[in-house]
Amino acid sequence: MNAGHSYCATEASGSRCELILPGSCSSLALWCLMMSVTPTRGCLLDLPWEDILVPHILCHLPLQQLLSLQRVSKSFQSLIQLYLANMRCFDSSQIGPAIPRAAFVNLLKDNEVLQQLALQNCSDWLTDQELLPVIGQNHHLHQIQLKGCAQLSRHALVAISLSCPNLRQLSLAHCEWVDSLSLRSLADHCKALEAVDLTACRQLKDEAICYLVQKCGRLKSLSLAVNANVGDVAVEETAKCCPELEHLDLTGCLRVKNDSIRVLAEYCPKLRSLKVKHCHNVAESSLSILRSRGVELDVEPPLQRALVLLQDVVGFAPFINLQI
């Protein structure tokens, strides 16, 4: 089913359920109200809620429209509350550019089965007070997105590490409250991690990164971007401890040099992309090894960069005798 449309059930005969599309998504609530009171057609609410409506129908509707259905009737309000309590994925961006604090608390207060949680749209107000109860009652989370949530504290990361042992993906980009102690807790308890985004977590130094990769050897994607504290020691340890690594972002890591890039090429045969823009101590002599293997790099070879610069200056790329 296409998640961009609204699917509702109108008839059920035995185990067979016929689906039709309402004419307009904007009139979904009115349409459902008509379907719930029209005696000549099967009533939507007559279908089994937990077996059909929640797992097979409502999951294909945008969350914002589901919330509007609560205004149709008390029965629809009960149905949506049941859906919210059994929701596996919550992405705050589905509700709009900004979700009120009270609405967030109310939406997730009864949910204990979340698997994915994305809260980047809550960054303006999200604190430990709102997040910790959600984390504490959801032990099946395997993906958490907290990009830019600057008002949290290290206690949030400790709570995640203790409550989510099966966590596989975690984004803490631009969360400068992340420190070495909270990261050690994450490494000790979430050893199934496959993707971690630590972009601009500037409190972290080589020692903390080394501890993380030593404990989490399944990492496939790691971002250490925009952190001047990260150097060769962290990159080399990452390469040696994470043979499954596919994506590494070192953008703006000014202390990273050629030696660690060569170690990366030696120990990470599955590497698919490497970002080293603004790493001024990384030269083509080390990148050429990865380039020859087809690894996607975010910097062009020196000659190509020169041609691009020349084109920007004079407005065209002239013919150049490469034999000179």
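For this structure, a couple of remarks:
- Scanning the range 248-274 for residues that are surrounded by fewer than 17 Cβ atoms within 10 Å (Cβ to Cβ) and either over 17 Å from S286 (Cβ atoms) or of a type in the set (G, A, S) (or both) yields K270, R272, S273.
- Among the residues making up the range 87-104, those that are assigned to a loop (DSSP other than H, G, I, E, B) and open to solvent by 20 Å² or more (accessible area, probe 1.4 Å) are R88, I95, P97, A98, P100.
- Checking V299 against (1) among the aliphatic types (A, V, I, L, M); (2) touching a residue at least 24 places away in the same chain (Cβ under 8 Å); (3) assigned to a loop (DSSP other than H, G, I, E, B), the condition it does not meet: (2)
- Test: C59 is farther than 18 Å from E130 by Cβ and under 19 Å from the mean Cα position of the chain (by Cα): no
The values are calculated or read from the model by the stated rules, or taken from the named source; none is laboratory data. Keep in mind the model is a prediction, meaning the values are calculated, not measured. Using ideal geometry, Cβ is built from the backbone for each residue, glycine included, and neighbour counts are taken over all protein chains shown. Side chains are part of the model used for accessible areas, which takes the heavy atoms of the whole protein and leaves out ligands, DNA and RNA. Shrake-Rupley method; radii C 1.70, N 1.55, O 1.52, S 1.80 Å.
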